[in-house]
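Novice: Handing you a structure now.
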Amino acid sequence: QVQVVESGGGLVRPGGSLRLSCVVSGINISDFAVGWYRQGPGTQRQLFAWLSESDLTNDIGSPKGQFTISRDNAKNTVYLQMNNLKPEDTAVYYCDLDTGLRDYWGQGTQVTVAG
């Protein structure tokens with residue numbers, strides 16, 4: 001059984017940083033693409049960072065260097081480093097494991113940028 005569990009969200013002040021983690025069990029992430037999506041209040045879930053199985057990255061829709069996706073295959077974990085956070089980055093952040101046949105999602109982790 002494949003499980004995807006995100007963590008690391010919370011309340012952060014504008015300009016702050018957070019690192020989200022996505023721990024996957026039941027399947028080896030090294031064989032598949034992974035991505036981070038987010039869903040803000042009243043919006044649809046949107047892809048903004050992607051890492052293929054060959055580790056080509058594609059940070060979509062963020063200023064260069066603001067968000068960085070990475071993975072540790074030995075820990076079967078995907079990370080999202082978020083810097084210089086802004087109130088508009090407030091959202092629920094979801095990790096996606098794309099096997100090509102189906103997607104596996106976590107429950108999401110809330111990030112709130114305020115203060």
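The values are calculated or read from the model by the stated rules, or taken from the named source; none is laboratory data. In this text, all values refer to a predicted model and were calculated from it rather than measured experimentally. Cβ: placed from backbone, ideal geometry, glycine included. Neighbour counts: every protein chain shown. Just so you know, the surface numbers come from the protein's heavy atoms only, side chains and all, with ligands and any DNA or RNA stripped out. Shrake-Rupley method; radii C 1.70, N 1.55, O 1.52, S 1.80 Å.
Novice: Dividing the convex hull volume of the alpha carbon atoms of segment 41-80 by its residue count, what do you get in Å³ per residue?
Specialist: Once divided by residue count, the hull of segment 41-80 is 94 Å³.
Novice: If I take R0 = 35 Å and measure r between the Cβ atoms of Thr43 and Ala74 in this structure, what FRET efficiency does the formula 1/(1 + (r/R0)^6) give, to the nearest 0.05?
Specialist: It comes to 0.50.
Novice: Sticking with this structure for a sec: Hey, can you grab everything whose amide H is under 5 Å from the amide H of Ala33? Only 5+ residues off in sequence or another chain; H modelled, so Pro and N-termini drop out.
Specialist: Those qualifying (amide H under 5 Å, at least 5 residues apart or on another chain) are Glu53, Asp98.
Novice: Still on this structure, I have one more. Would you work out which of Gly42, Tyr104, Asn76 lies farthest towards the positive end of the dipole of the chain? Charges go on Cβ: Lys and Arg +1, Asp and Glu -1.
Specialist: Value computed over the given set: Gly42.
Novice: So if a site counts as exposed when it's one of the trypsin sites (Lys or Arg not before Pro), its DSSP state isn't H, G, I, E or B, and it has at most 13 other Cβ atoms within 10 Å, what's the longest stretch of the chain without one?
Specialist: Values: sites that count: Lys64, Lys75, Arg102.
Here the longest run is 1-63.
Novice: While we're on this one: Report the charge-dipole magnitude of the chain in Debye, nearest 20, computed about the Cα centre from +1 at each Lys and Arg Cβ and -1 at each Asp and Glu Cβ.
Specialist: Values: 9 positive and 11 negative charges, 75 e Å.
Around 360 debye, computed over the chain.
Novice: So, one more: For the chain, which whole percent of the accessible surface, found with a 1.4 angstrom probe, sits on carbon and sulfur atoms? Walk me through the numbers on the way to the answer.
Specialist: Details: 2910 of 6080 Å².
So the carbon and sulfur contribution to the accessible surface is 48 percent.
Novice: Here is a follow-up. Once you have the Cα-Cα distance between Trp105 and Asp55, take 0.36 nm times their residue separation minus that, and quote the gain in nm to one decimal. Mind showing how you got there, number by number?
Specialist: Values: separation 50, 0.36 × 50 = 18.00 nm, distance 1.95 nm.
Length gained between Trp105 and Asp55: 16.1 nm.
Novice: Could I ask something else about it? Over the chain, with a Gaussian network built from C-alpha contacts below 10 Å, which listed residue (Leu51, Leu20, Leu11) shows the highest mean-square fluctuation?
Specialist: Among Leu51, Leu20, Leu11, the largest GNM mean-square fluctuation belongs to Leu11.
Novice: Leaving out ligands and nucleic acids, note down the accessible area per residue over segment 3-115 with a 1.4 angstrom probe, in whole Å².
Specialist: Working: 5850 Å² over 113 residues.
Using a 1.4 Å probe on heavy atoms only, each residue of segment 3-115 averages 52 Å².
Novice: Over what distance in Å are the Cα centres of segment 69-113 and segment 1-65 separated?
Specialist: Here the two parts' Cα centres lie 2 Å apart.
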